[in-house]
Each structure stands twice: as C-alpha cells, then as structure tokens.
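Quick notes on the structure that follows.
The values are calculated or read from the model by the stated rules, or taken from the named source; none is laboratory data. This is a predicted model, so every value here is computed, not measured. A quick note on method: Cβ atoms are made from the backbone with ideal geometry, for glycine too, and the neighbour counts reach across all protein chains shown. Quick note on the areas: whole protein, heavy atoms, side chains included, nothing else; ligands and nucleic acids left out. Shrake-Rupley method; radii C 1.70, N 1.55, O 1.52, S 1.80 Å.
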Amino acid sequence: MIGARTYFDSEADQLTPRAEAEFYGWLKMRNATFKTTCQNRFRELDAEIAALVAAERTGPVEVLDVAVSAGTSTLELKEALTAAGLAPRICATDLFLEGRLFDLAPGLTVLTDRSGWPLQYQLGRRAIRPWVRRLDLLTLTAPLRLAAARMIAPRLGRMVAEGKGRRVTLASRRVADCPDIELIEDDILQPRGAFAGRFDLIRAANILNRNYFPEAQLRGAVRNLAGYLRGPGSLLLVTRTDEATARNDATLFRRTDAGRLAEVRGFGKGSEIRELVLDAL
Ligand SMILES: C[S@@+](CC[C@H](N)C(=O)[O-])C[C@H]1O[C@@H](n2cnc3c(N)ncnc32)[C@H](O)[C@@H]1O
C-alpha cells in the first residue's frame with residue numbers, strides 16, 4: 001500500500017495504473033464503500049457504446065459519468081469515444097472526490113475526506129489504514145485503530161473547518177490531469193440544477209444496484225439522471241459488473257420525444273433495474 005504523502009507528492013507519470021488501483025482500493029470512505037477501481041472493466045461495452053453514439057453523432061459529445069470512484073473507467077470511456085471519432089467532454093462525478101492531507105507531526109501525514117474523516121495515515125514510509133477488518137480482531141490491533149480514529153477525527157474536523165490542510169483530488173492522477181475530464185463531487189440522490197438538459201450520454205456503472213439503494217432512492221436517482229439528458233435521442237447507460245464472471249449486465253436507454261425513457265438494447269443479462277427505469281418518469 002502506498003502512503004498518501006508519497007502518492008500525492010509523486011509525479012503522475014511515476015504512478016502506474018496498478019499502483020493507483022492499489023492506493024484507492026485501500027481507502028474506505030465514510031459510508032463504508034471502498035474507492036475500488038479496476039482497469040479494462042468495460043472494454044467491450046465501451047467499444048459498443050462508442051460505435052452506437054458515433055453512428056448518430058459526430059464531433060463533440062457531452063458525457064456525464066456518475067459514481068466514478070477513482071475515474072479509471074472514465075478515462076477508458078473517453079478513449080473509446082475518441083477512437084470512434086468523437087470529441088468527448090466528460091463530467092465525472094462521485095460522492096467523494098475531495099480530500100485533505102494533514103501533516104500532524106514530523107513523519108506523520110493523515111489523508112482525510114472533505115469532512116476530516118481519516119482515510120489513511122502515513123508514518124514514515126509506512127501506510128496504515130484507520131479502518132478495521134476481521135483479522136484485526138485476532139491481532140488485537142482493532143481497538144488501537146478505533147481509538148486512534150476516535151481521538152484524531154474531531155481534531156481533523158476542526159482543522160478542515162479552519163481551512164487547514166492541503167486539498168487533494170481523490171481520483172487517478174491521469175484522470176485529474178486530463179483536460180477533457182472535469183471531476184465534480186456530487187450525490188446522485190440530489191438533483192443538481194447545473195446539470196439539467198446538458199448531456200448527450202450518461203453512464204451509471206456499478207451504482208444503481210438494488211443492494212446499494214432502496215427502490216425509492218433508485219427511482220429518485222433515475223429521475224435526476226433523466227433530467228440531465230439533453231433531449232430526445234440522448235442516451236442513458238445503466239450497467240453492473242457481475243463480480244463472479246466479470247460480465248457487464250447493462251441496458252441502454254434513449255430519451256423519447258415524449259420525454260420518457262425507452263430501451264435501445266441490452267447487454268449481457270440487461271440491467272437489473274430495467275423495468276424501474278422504463279417506468280420511473
Ligand atoms: C463500485 S464504485 C463504481 C465505480 C465505477 N463506476 C466503476 O464501475 O468502475 C461505486 C462508487 O459510488 C460512489 N457513491 C456511493 N454513493 C454515491 C452517491 N449517493 N452519489 C454518488 N456517488 C456515490 C462511491 O463513492 C464509489 O466510488
């Protein structure tokens with residue numbers, strides 16, 4: 001595991017995609033989700049979607065990719081759209097994209113989210129996770145980790161409120177540095193006026209899952225995303241990766257003239273929330 005100070009002090013080209021995936025894979029967020037990121041998760045799906053979009057449009061395409069984690073698959077979507085001859089501009093969002101880096105003592109750095117919630121300690125060259133896993137209960141490090149987080153969190157919260165700490169972006173450096181990708185912290189459950197009617201293509205990957213949100217929240221999120229589509233013909237892709245087989249089960253929807261969402265086609269087994277989307281508006 002790389003330490004946060006080492007990660008954010010490195011030049012982007014010194015960080016391999018594997019090192020980035022490992023760094024983010026160990027960050028457990030306040031809502032207990034991990035910032036996991038995976039290379040080539042959507043390679044075939046990206047190519048098919050890019051071809052479908054390119055069959056109907058040329059030139060610039062406004063894309064919204066929600067819940068992007070570290071953004072690795074956003075960069076791959078951009079590459080697929082570019083390879084299909086399009087000029088994508090992508091807005092990539094996630095609930096957690098803004099972090100802070102605090103030097104608490106010589107050799108001790110803490111990475112937190114925007115509220116001061118500790119995500120990782122770096123002591124010297126060693127990276128230490130604040131969260132507890134089952135094995136810690138056997139080694140008795142669990143109480144130490146919990147006590148450290150409990151003691152340190154209020155102090156970090158105050159430091160954030162006072163504007164202290166170095167702001168960092170919790171996304172792959174290759175994504176943060178890409179001029180065609182804008183990273184924005186956003187909650188898909190809350191409507192965002194600035195996104196209304198803006199996008200030709202929206203992707204919701206591995207987020208609108210039934211084990212993630214209850215039905216009412218899924219409906220709300222779908223209504224929000226539908227409102228962000230530019231108009232008739234613009235596309236919404238809802239996809240989920242099957243963890244056992246790595247197959248992507250997805251459905252592509254199109255906004256109709258009547259303002260509803262209609263199915264364009266399915267991939268794999270199709271989206272598990274297909275019916276909910278068709279009937280959400
Ligand atoms: C499993 S990752 C999906 C990453 C990426 N889309 C992919 O498929 O590779 C889920 C992401 O959803 C984000 N998330 C969870 N709840 C969210 C919410 N209400 N609004 C926006 N993002 C959320 C988490 O922070 C996490 O980064």
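When you go through Asp13, Asp65 one by one, which is the residue that is farther than 30 Å from Leu146 by Cα and open to solvent by less than 60 Å² (accessible area, probe 1.4 Å)?
Numbers: Asp13 fails: open to solvent by less than 60 Å² (accessible area, probe 1.4 Å).
Testing whether each residue is farther than 30 Å from Leu146 by Cα and open to solvent by less than 60 Å² (accessible area, probe 1.4 Å) leaves just Asp65.
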So which pairs qualify, if the first residue must be in region 68-85 and under 20 Å from Phe96 (Cβ atoms) and in the same structural domain as Leu208 (by TED's automatic domain parsing), the second must be of a type in the set (Gly, Ala, Ser) and open to solvent by 30 Å² or more (accessible area, probe 1.4 Å), the Cβ gap must be under 8 Å, and the two must be at least 6 apart or on different chains? Ala70/Ala21; Gly71/Ala176; Thr72/Ala21
Restricting region 93-115 to residues that are open to solvent by 20 Å² or more (accessible area, probe 1.4 Å) and part of a loop (DSSP other than H, G, I, E, B), which is nearest to the ligand (Cβ to nearest atom)? Leu95
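Rundown of residues vs (1) at pLDDT 95 or above; (2) of a type in the set (A, V, I, L, M, F, W, C); (3) not in a loop (DSSP other than H, G, I, E, B), yes/no style:
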site	(1), (2), (3)
Asn40	no, no, no
Glu44	no, no, yes
Val61	yes, yes, yes
Ser69	no, no, no
Glu76	yes, no, yes
Cys91	yes, yes, yes
I want to confirm something. Restricting to region 178-207 and keeping residues that are more than 10 Å from the ligand (Cβ to nearest atom) and within 16 Å of the chain's Cα centre (by Cα), which single residue is farthest from Glu20 (Cα to Cα)? Ile202
Residue list for region 257-281, filter: modelled with pLDDT of 95 or more and farther than 17 Å from Asp46 by Cβ: Leu261, Ala262, Glu263, Lys269, Gly270, Glu272, Ile273, Arg274, Glu275, Leu276, Val277, Leu278
With respect to Glu263, determine if the residue is closer than 23 Å to Glu79 by Cβ, part of a strand (DSSP E or B) and among the acidic types (Asp, Glu). no
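Does region 226-237 contain at least one residue that is in the same structural domain as Glu48 (by TED's automatic domain parsing), farther than 23 Å from Val264 by Cα and either more than 12 Å from the ligand (Cβ to nearest atom) or in a strand (DSSP E or B) (or both)? Working first, answer last.
Kept after step one, since they are in the same structural domain as Glu48 (by TED's automatic domain parsing), are these residues of region 226-237: 226-237.
Those left that are additionally farther than 23 Å from Val264 by Cα: none.
The answer is no; no qualifying residue exists.
This table checks each residue for (1) closer than 23 Å to Gly99 by Cα; (2) within 14 Å of the chain's Cα centre (by Cα); (3) in contact (Cβ under 8 Å) with a residue 24 or more places away in the chain.
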position: Arg18; (1), (2), (3): yes, no, no
position: Phe34; (1), (2), (3): yes, yes, no
position: Cys38; (1), (2), (3): yes, yes, yes
position: Glu48; (1), (2), (3): no, no, yes
